[in-house]
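The structure appears below as structure tokens.
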Amino acid sequence: MPTETEKAADERTTDEDRPGEAAEPEAEEPSPSEEPSPERRRLLTAALLTRVMVLVVLAAAVTTALLQWRQAGRLSAREDTRRQVSTRAGEFGQALLSYDHSDPDAARKRVLGMTTDDFGRTYDVAFTDGLQGIITKLKADAKATVRTVYVGDVGGDDAKAVVVMDSEVKSTAGTRRVLGSYLEMELVRQHGQWRVKSVNSIGAINESLTKPDGTTVTPGPTATSDPG
């Protein structure tokens, strides 16, 4: 009679010899080094190109934005400088052609507060030795308004401007009106402030003098700051 060990051995032998019941071989996984198919390569290439194009477009957009920001900054600074020149030129023109006979020294100080030292000394002498006495003698009061300011060349700390003024002087000699007078100025920036270093009257569109008796005459060419 066979033993238990012999029975087990016979069963193993019988199972191995059974036809059609052999164990199926396991499917082999593709090797990591196996190259992708042409279709997959095209997809990978397209994805890579898309990423590259996105990066290129993004870099171009950032560069353009930076350049535009810098350009805008330069334009803003340039326009700000021109506004400062325009403001100072207009202020000076108005101060130059405005005064009150009861306090002519106030007008002198306003002008000197906007000039360079050299031009200020020249103006101070002219005002003290000439204009101030005329203002007091004729009891002249003047007021002026700015029509417009044309800012010319601005380079570094130097600038040019033309101020168009309307002014009226009332005195014992009558009322003098000067419309569209042109003041040509040169300015320089000193310690962050624009100052006038020269001014020249280059004519007016219309001038008239109404005498106390009501007659109107056209005065000959004189300095626009002259009250008579």
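As a calculated quantity, the FRET efficiency between Lys139 and Asn206 at R0 = 22 Å, using C-beta atoms, amounts to about 0.35. Counting 0.36 nm for each residue step from Ala61 to Thr148 and taking away their Cα separation leaves a gain of 27.2 nm.
When each of Thr128, Thr115, Thr218 is scored by the number of other beta-carbon atoms lying within 10 Å, the sequence from fewest to most is Thr218, Thr128, Thr115.
Among the listed pairs Lys139/Lys211; Lys109/Lys170; Lys137/Lys197; Lys109/Lys197, a Cα-Cα separation exceeding 23 Å is found for Lys137/Lys197. Full extension of the chain between Asp124 and Thr218 yields a length gain of 30.9 nm, computed as 0.36 nm times the residue separation minus the alpha carbon distance. Calculated FRET efficiency, Arg51 to Ser76, Cβ-Cβ distance, R0 = 41 Å: about 0.65 to the nearest 0.05. Is any residue of segment 136-162 close enough, with backbone N under 20 Å, to a label point placed 7 angstrom from the Cα of Asp103 along the Cα-Cβ axis, and if so, which? Inside the label zone: 136-145. Coordinate range of the alpha-carbon atoms in segment 73-217 per principal axis, descending: 59, 29, 20 Å.
Only the coordinates and a few stated rules stand behind these numbers; no lab work does. Not measured: the values here are computed from a predicted model. In this analysis, Cβ positions are derived from the backbone assuming ideal geometry, glycine residues included, and neighbour counts consider all displayed protein chains.
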